[in-house]
Amino acid sequence: QIHVKYKSLLVVDLETTNIDTLNAKLVGISLCTDERNSIYIPLLHDEGQNASLDNVLILLKPYLENPKPGIIGQNLKYDINVLKKYNIHVQEVAADTMLESYIYRSASNRHDLGTLAKTYLHLDSISYEDLTGKGAKQIPFSAVDIEKAATYSGEDVQLTYLLHQYFKDKLSAQERLLLQDIEIPLVKVLAAMEYTGVAIDVPLLQEQSVILKERLADLEKNAWELA
């Protein structure tokens, strides 16, 4: 039996079989409402007792689709599209720590959860490769022991919660406005574009390519003359 009672924040993290949302299947779901407690729901592990996928989705759907207060996560665009495949349509994104990190320090070229936890919280975290290995010997997440998966995924949602608290205090009023008015609303837009695809006018693109090549050649010739 699953019952999630929350008033302010619901942090979500999905464990899946694939980084490609269109091919990803749910292996497990982690949830938390603070930095102290989290739950991991195993769904598709090779060994151990998994919860019923249908029952879990029915129970969680009202919480994940609740427009108030919405959900929090790290790179929620991915989670939104995976959940959409399971007929769960996220209505509101309250915060995305990857975007908060980008707004806070856009010059940084790394905004993954492990780096953010180390940089801002001074905490070491379990990496995905710690559980699955690397290269040719890497195992799928579904082959990971449920208890180890729960520790890893539970840590992810708790770190996400802590990072959100950190950025919330650090971001300026202007940065918060940029986040809420532009970046957060774009999450669902970009997710929909990735999920549905974008129509492309191929002949027009080919025509533009020819024009750009001619323009580039002119610029290159002019640069040589100036040199």
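Tabulated results
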item	result
Meets criteria (over 24 Å from LEU177 (Cα atoms) and either open to solvent by less than 40 Å² (accessible area, probe 1.4 Å) or modelled with pLDDT of 95 or more (or both)) for LYS148	yes
Residue count for region 49-92, restricted to those that are modelled with pLDDT of 95 or more, within 22 Å of GLN165 (Cβ to Cβ) and of a type in the set (Gly, Ala, Ser)	1
Evaluation of LEU22 against (1) open to solvent by 70 Å² or more (accessible area, probe 1.4 Å); (2) at pLDDT 90 or above (one fails), failing number	(2)
Sole residue being assigned to a helix (DSSP H, G or I), in contact with a helix residue (DSSP H, G or I) (Cβ under 8 Å, 6 or more places away or on another chain) and closer than 18 Å to SER106 by Cα, chosen from LEU163, LEU159, LEU186, LEU190	LEU163
Hits in region 94-112 - residues which are buried (at least 23 other Cβ atoms within 10 Å of the Cβ) and of a type in the set (A, V, I, L, M, F, W, C)	ALA95, LEU99
Lone qualifier among TYR40, TYR63 - being of a type in the set (Phe, Trp, Tyr) and in contact (Cβ under 8 Å) with a residue 60 or more places away in the chain	TYR40
Residue check, TYR120 assigned to a helix (DSSP H, G or I), modelled with pLDDT under 95 and surrounded by 15 or more Cβ atoms within 10 Å (Cβ to Cβ)	no
Pairs, first in contact (Cβ under 8 Å) with a residue 60 or more places away in the chain in region 94-108, second open to solvent by less than 30 Å² (accessible area, probe 1.4 Å) and among the polar types (S, T, N, Q), C-beta under 7 Å, six or more apart	THR97/THR160
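The values are calculated or read from the model by the stated rules, or taken from the named source; none is laboratory data. Quick caveat, the model's predicted, so the values are computed rather than measured. FYI the Cβ positions are ideal-geometry reconstructions off the backbone, even for glycines, and counts take in every protein chain you see. The protein model used for the area step is the full one, side chains on, heavy atoms only, and it has no ligands, DNA or RNA in it. Shrake-Rupley method; radii C 1.70, N 1.55, O 1.52, S 1.80 Å.
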